[in-house]
1. Among Arg209, Arg77, Arg294, which one moves the most in a GNM of the chain with springs linking Cα atoms closer than 10 Å?
2. Given Cα positions, please report Rg to Rh for the stretch 174-328, the hydrodynamic radius being the Kirkwood one.
3. For the chain, with a Gaussian network of springs between Cα atoms less than 10 Å apart, report the residue from Arg275, Arg47, Arg305 with the top mean-square fluctuation.
4. In what order do Glu267, Glu311 fall by count of nearby beta-carbon atoms within 10 Å, going from fewest to most?
5. Hey, what angle do you get for helix 215-224 against the long axis of the chain, alpha-carbon based, 0 to 90 degrees rounded to 10?
6. Sorting Leu46, Leu347 on the 10 Å Cβ count, fewest up front, what's the list?
7. Compute the acute angle (0 to 90°) between the alpha-carbon long axis of helix 184-197 and the principal axis of greatest extent of the alpha-carbon atoms of the chain; round to the nearest 10°.
8. Given the DSSP H assignment, sum -39500 (n - 2.57) over each helix run of at least 4 residues in the chain and divide by its residue total; what's the result at 222 nm in deg cm²/dmol, nearest 500?
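Just so it is clear, none of the values below were taken in a lab; they were calculated from the coordinates. Since the structure is predicted, the reported quantities are computational estimates derived from the model, not experimental observations. Glycine also receives a Cβ, built like all others from the backbone with ideal geometry; neighbour counts cover every protein chain displayed.
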Amino acid sequence: MTARLPFERLALPYGPDSTEATEVGMQELRAVGAADFTALHNFAALRGQFRVSFTPRCNIACFFCHNEGDVPPPLTRVDRFQQPRPRTLGSDDYLAIIGAVMKAGLKRIYFTGGEPLVSPLARPVLEQLPEQSPEAGYTLITNGTRVRTHKAWLSRTRLDKIKVSLHYFSDQSLRAIAGARHGIALILDGIEAARESCGLVELNTLLLRENQEEIPRIIEFALARRLPVQFIELVGTDFNGQRATSAVRADGVVAYLRTLTRDESTEIVGVGQGRRVFRVDGVEIDVIHRDLGRHHVGQCGTCPRRTDCVEGFWALRLDHSGGLQPCLLRDDLRLDLTPLIPAPDQLADKVAGHVTAFTEGSL
């Protein structure tokens, strides 16, 4: 088993020669007051995600939705006075921010919502994504209901992967979990449409009491189509506390997967929670397992929400109002990027400085 490295102490040779040369360069940058990109580069090297939310709106209302830190759809459905932030970003703003952070070193860009494909900004942004380096990638995370409708133009984008959330496998569980009026057939057809429009399609499933009897069928469905699938334990937030009893530990799915294969490994290197990785007939199935630890940094040490946090620092989240959050549970750590959109270099410096302060615990 590989031990996790402390994030703020990880040294990487980003310069042309060596880590020592990199450190000398960083000292020179500090001397002239320039931004230090070490923490941001380390976050990227540890497979940190940059999650871009097009909209807080969704056409279904999964009870566990955290909406990337905004007010989630199920809460708005029952209380119209609780509304998400108003949108301030346009498609050009999104593209400017994405270009700046990728130039600064972030590589893994994920497009989320709400449901991203209900946003009118999804198409103009995804169709104009900048060309990425070979080690970078663009992923669309969707509930699958709108993929067939948008299949033609999605196939022309630079998306490397479409990740479909499949937290249900029957009309009954879909209603219980998401309050949806349509049936499961629409989502299953969306998965097929994704396969027709993108080279790589993956599934992700939250482990819930409402779907636990369907897990073997979801695995069978994924294996028949050779689709990687990820099973995730429910992360508690302020929004889903009333349904906390729906959470199911990953032990059951781990035991079931061990009846299908002996090809199992444990991965705890990088950001986020550790995972167990199974390969069944060459198809990867991984299980996010809180017992394997999580990735906390300096700011987490004195955080009053530490006892509620099971994920640690694994993503930077850009919302549709131009805010950047390193943590779902702390709105007070949100950084407003909108004043810097016209100046990409300054924006990148600000993001790098924010990540540095977060990892050092000085925000």
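1. Between Arg209, Arg77, Arg294, it is Arg77 that shows the largest mean-square fluctuation.
2. We get a ratio of 0.98 for the stretch 174-328.
3. Maximum fluctuation in the GNM of the chain, among the listed residues, is at Arg305.
4. Least crowded to most crowded, the residues run Glu267, Glu311.
5. For helix 215-224, the angle is close to 80 degrees.
6. Leu46, Leu347
7. Helix 184-197 sits at roughly 50 degrees to that axis.
8. Per the formula, -9500 deg cm²/dmol.
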